[in-house]
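A.B. asks: Below: one structure in structure tokens.
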């Protein structure tokens, strides 16, 4: 049908031909979450767990990479935990997740979008 052209790896080809489950892969994956985990202690204070999202937000000031690129530096493929799927028309939640993952050099949400815009408008402009 000539709709999509891409190279297929030998592992993918063997999997498709054999129809057996894929048990091995040459890549390592890292499950990441966009919500920083906060633990509530008995004295009423929050303690932030040191996860990949919090490491990204506390990176060096000169580092201008996106969250996706930040995870890829460790040699792993990021798998973002989410139940969101791409759909048309774009939803606010989907646009927010995609922009948080791929927008370079942000530390606060205001770095990505102004309060006057929706996530969908910012995604369309991006």
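A.B. asks: Kindly evaluate residue 32 against the criterion of being more than 24 Å from residue 125 (Cα to Cα), surrounded by 12 or more Cβ atoms within 10 Å (Cβ to Cβ), modelled with pLDDT under 75 and touching a helix residue (DSSP H, G or I) at 6+ places or on another chain (Cβ under 6 Å).
C.D. replies: It is true that residue 32 is more than 24 Å from residue 125 (Cα to Cα), surrounded by 12 or more Cβ atoms within 10 Å (Cβ to Cβ), modelled with pLDDT under 75 and touching a helix residue (DSSP H, G or I) at 6+ places or on another chain (Cβ under 6 Å).
A.B. asks: Pairs please, first residue from region 108-124 and more than 24 Å from residue 65 (Cβ to Cβ), second anywhere and modelled with pLDDT under 90 and assigned to a loop (DSSP other than H, G, I, E, B), Cβ atoms under 7 Å, 6+ apart in sequence or on different chains.
C.D. replies: The qualifying pairs are 120/90.
A.B. asks: Looking only at region 83-103, count how many residues are closer than 13 Å to residue 67 by Cβ and part of a helix (DSSP H, G or I).
C.D. replies: 7
A.B. asks: Applying the selection to region 110-121, what residues are closer than 22 Å to residue 63 by Cβ, touching a helix residue (DSSP H, G or I) at 6+ places or on another chain (Cβ under 8 Å) and outside any loop (DSSP other than H, G, I, E, B)? Steps first, answer last, please.
C.D. replies: Of the residues in region 110-121, the ones closer than 22 Å to residue 63 by Cβ are 110-113.
Going one step further and asking which of them are touching a helix residue (DSSP H, G or I) at 6+ places or on another chain (Cβ under 8 Å), we end up with 112-113.
Selection gives 112 alone.
The values are calculated or read from the model by the stated rules, or taken from the named source; none is laboratory data. The structure displayed is predicted, hence computed values, not measured ones. All Cβ positions, even for glycine, are placed from backbone atoms using ideal geometry, and neighbour counts span all protein chains on display.
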